[in-house]
Amino acid sequence: MTSLLSGIRANSQSPGGVYRSLNDPRLFEPTPLRDTLDEALTTYVSSDSRPRRDAPTLSDFTRRVHGYEILNQYVVGGQWRALALASESSIIETFADDQRTLLKYWVYRILALTQMGASEVADRELGRLEQVSGLKKWPFELRVLRAQVPG
């Protein structure tokens, strides 16, 4: 089974470990679903006294393309976890040849990760994104985010 999976992974990459498209699901790391407030509540507040939080989960975001209007609402509302999950879904479901749209969704994804304090995740995803074959020019916003991510 392991050799079968490695064969599939090898076939989906170009020579030299370069990813073929901007919507390759292997470019992503799992989105952190817990934050410091969640950890503090779990540690210091009993489960019956704990307030309910409207934190998004993976099941809240079906695999579909989310419109810019929805993504912008997440930005304005500071809903970074929701933005990260929605942008990942949009990237995966957008056609691979629509590079301009995919790069816009990547801006949302990296912005969300950095605002969540997941700079390490953002750095690793940007590192993989740099390996996408055929990617010649990054949008200005993505270059600015890349410069701000410690790594």
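The values are calculated or read from the model by the stated rules, or taken from the named source; none is laboratory data. Because the structure is predicted, anything quoted here is derived from the model rather than measured. Heads up, the Cβs are rebuilt from the backbone with ideal geometry, glycines too, and the neighbour counts pull from every protein chain shown. All accessible areas refer to the heavy atoms of the entire protein, side chains included, with ligands and DNA or RNA removed. Shrake-Rupley method; radii C 1.70, N 1.55, O 1.52, S 1.80 Å.
Some values worked out for this structure:
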quantity	calculated
Scope segment 97-133; condition surrounded by 13 or more Cβ atoms within 10 Å (Cβ to Cβ) and assigned to a loop (DSSP other than H, G, I, E, B); matching residues	D98, M116, G117, A118, Q131, V132
Residue satisfying all of: in segment 105-151; of a type in the set (F, W, Y) and touching a Leu at 6+ places or on another chain (Cβ under 9 Å); nearest to R81 (Cα to Cα) among these	Y108
Test: residue in segment 29-47 that is open to solvent by 70 Å² or more (accessible area, probe 1.4 Å), more than 22 Å from A86 (Cα to Cα) and at pLDDT 80 or above	yes
Selection count, segment 112-151, where residues are of a type in the set (D, E) and under 25 Å from D98 (Cβ atoms)	3
Unique match (being part of a loop (DSSP other than H, G, I, E, B) and at pLDDT 90 or above) among L71, L22, L83	L22
